[in-house]
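Here's the structure we're looking at; comments come further down.
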Amino acid sequence: MMDFHKTKACQNCTISVPLEKVHLYPLTLNGGQISNLILCEKCYLEKKSIQQQSKIQDEKPKKTKPIYMHYFCEQCKYRFRIDENKLGVSKSLSCPYCGKGDKLSCAK
Ligand SMILES: [Zn+2]
Ligand SMILES: [Zn+2]
C-alpha cells in the first residue's frame, strides 16, 4: 500500500518528491509576505542559479560614474554640487539652501 502523505508534488515540474527530498524555496510576494514554494531538488537548484544570475545582472547598470556639476548661489552664497546623472531631462535647478533658482551660476 502506498502512503501518499509521504510525497509532495513539486510546484514547478509537478513531479512527486519524497518528503525528505523536498526543498522549500522562499518567494517574496508583491505584498512583501513570504510564501514557500515546494520544489524537487532539480528545480530548487535551477531557481537558485537563476536568482544568482539575475543578481549579477542587476548590479551592472549601477556603475554609472557621478558627474558632479558645481554651482554657486549668489543669493545666499551657498556652494553645492549636483550629480548630472540625477539631474534628469528638465535641468531645472534650485538652490538647496534658499530654494531659488534664478541666481545660480555654474562653476564647472
Ligand atoms: Zn521540480
Ligand atoms: Zn541659495
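The values are calculated or read from the model by the stated rules, or taken from the named source; none is laboratory data. These figures come from a predicted structure and were not determined experimentally. Virtual Cβ from ideal backbone geometry, glycine too; neighbours counted across all protein chains shown.
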Item to check | Filter pass, Glu84 being exposed (fewer than 12 other Cβ atoms within 10 Å of the Cβ) and modelled with pLDDT under 95 | outcome: no
Checklist outcome for this item: Within region 87-105, of all residues that are touching a strand residue (DSSP E or B) at 6+ places or on another chain (Cβ under 8 Å), within 14 Å of ligand 2 (Cβ to nearest atom) and of a type outside the set (Gly, Ala, Ser), the one modelled with the highest pLDDT is Cys98
Checklist outcome for this item: If we keep only residues of region 11-61 that are of a type in the set (A, V, I, L, M), part of a helix (DSSP H, G or I) and loosely packed, with under 12 Cβ neighbours inside 10 Å, then the residue modelled with the lowest pLDDT is Ile56
